[in-house]
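Below: the structure, in structure tokens.
The values are calculated or read from the model by the stated rules, or taken from the named source; none is laboratory data. Not measured: the values here are computed from a predicted model. Don't worry about glycine lacking a Cβ; one is built from the backbone with ideal geometry, like all the others, and counts go over all protein chains shown.
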Amino acid sequence: MRRTLRAFSSNTEPYLRKRRNRRLFIITLVVLLATALAFTLPNVIPLIAGAGPGPGARVEKAALLALWDARDMQGVRDTSGQALRVSPMDSFYLSFNGLSSFYLALAEIDAGQRLSLLDDAIFALRKSFLSGKHPLESQARYILGKAYFHKGPDYYEEAIAHIEAAIVGDVRYGDAWEYLALANLALGYHEKSVDYFEKAIESSPESAELKAAGAQAYSALGDYARAESLAVRAYADSKDDYVRERSSFMLADLYRKQGRMAEALERYNEIKIINPESADAWYYEGLVLMETGEPIKARASWRKAVSIDPMHGGARQKLAERS
């Protein structure tokens, strides 16, 4: 006959009772440690990283500002990026991360990397405004607007909005007028554009490039007298052949619009001296010659344009016409 062994009870068996108590003690200890860590880690990690409250944060921010003063943009970007891993919503670190990304983008040769850095700058700067209180609001708005401008014409509206917000009551940004003028000109806001060009030229009176761009804006607005004045000044003030050529094209176009054909031809001849390989100079000269009743000379000019640039669409089209 088989015996039935008595079942052990953890309440009565000394060995099992001791093991149960030890297990309960370990579980309790683990729970207490986990609870303590849950409360202390958020404060411990920032202090270790030097980004949280206390002296560590001040030291790291001072180091970041030292890198900024030294114009070490890569160092600023790396340091602020490390701090953001701990404090992802800190507007101070977000601002400097965005600012440094923007300046690195301007120095970048590779188009893809440049665009990526501009996107990083926009993301960081926009995020920096989410916390409400912002230590660098004006600077961040200004650079955010410039970053949008460098993204291209599709982003000019955003560029204008942020740069205008940055300069309200703050005119320290000398090139803000130029960015606003160019963006408004590209979008067809000619009246606003000429206002900003006047401010830009007043801020940088030595800039022939600004005068040439301002002349374009006034021409689009229909103010030919002011456009001519600025284009003449741009041509006279510049030693850069490109700016002089651009100013001459602008003046020739203004003269054509006003029926001053002899002066327009003089300008096209000047362009050909500056740049003998300018197919456009020969093409537009041909248009003037045709308008003044000299079709044979006009076609000769268009043939010359095509000999310089076989793919010049305007000259090829004119030569194909039978009139």
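Only one of Leu84, Leu41, Leu65 is assigned to a helix (DSSP H, G or I), modelled with pLDDT under 90 and not polar (S, T, N, Q); which?
Leu41
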Would you mention how many residues in segment 123-164 are under 17 Å from Met89 (Cα atoms) and assigned to a loop (DSSP other than H, G, I, E, B)? 8
Take the residues in segment 164-196 that are of a type in the set (Phe, Trp, Tyr) and touching a residue at least 12 places away in the same chain (Cβ under 8 Å); name whichever of them is nearest to Ser116 (Cα to Cα). Tyr179
Looking at Glu206, is it part of a helix (DSSP H, G or I), out of contact with any Lys or Arg (no Cβ under 7 Å at 6 or more places or on another chain) and not hydrophobic (A, V, I, L, M, F, W, C)? no
When residues of segment 130-173 are limited to those that are hydroxyl-bearing (Ser, Thr, Tyr) and modelled with pLDDT under 95, the one nearest to Ser203 (Cα to Cα): Tyr173
Can you tell me how many residues in segment 123-140 are within 19 Å of Arg77 (Cα to Cα) and either surrounded by fewer than 22 Cβ atoms within 10 Å (Cβ to Cβ) or among the aromatic types (Phe, Trp, Tyr) (or both)? 9
Pairs, first touching a residue at least 40 places away in the same chain (Cβ under 8 Å) in segment 126-146, second part of a loop (DSSP other than H, G, I, E, B) and loosely packed, with under 15 Cβ neighbours inside 10 Å, C-beta under 7 Å, six or more apart: Leu130/Met89; Ser131/Met89
Of the conditions (1) part of a helix (DSSP H, G or I); (2) surrounded by fewer than 18 Cβ atoms within 10 Å (Cβ to Cβ), Tyr218 fails just one. Which one is it? (2)
Quick one: in segment 147-163, of everything that is free of Cβ contacts under 8 Å to residues at least 24 places away in the same chain and surrounded by 16 or more Cβ atoms within 10 Å (Cβ to Cβ), which residue is farthest from Tyr196 (Cα to Cα)? Tyr155
Taking the stated definitions as given, is Phe96 farther than 26 Å from Ser203 by Cα and either in contact (Cβ under 8 Å) with a residue 24 or more places away in the chain or part of a helix (DSSP H, G or I) (or both)? yes
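Say whether the condition of being part of a loop (DSSP other than H, G, I, E, B), surrounded by fewer than 23 Cβ atoms within 10 Å (Cβ to Cβ) and over 24 Å from the mean Cα position of the chain (by Cα) is met by at least one residue in segment 242-250. If you could, list the steps in order and put the result at the bottom.
In the first step, residues of segment 242-250 are kept if they are part of a loop (DSSP other than H, G, I, E, B); the result is none.
No, there is no match, as no residue in segment 242-250 is part of a loop (DSSP other than H, G, I, E, B), surrounded by fewer than 23 Cβ atoms within 10 Å (Cβ to Cβ) and over 24 Å from the mean Cα position of the chain (by Cα).
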Consider segment 204-245. How many of its residues are under 15 Å from Leu182 (Cβ atoms) and charged (D, E, K, R)? 2
Please go through segment 303-318 and pick out each residue that is surrounded by 15 or more Cβ atoms within 10 Å (Cβ to Cβ) and farther than 15 Å from Pro276 by Cα. His312, Gly314, Ala315, Arg316, Lys318
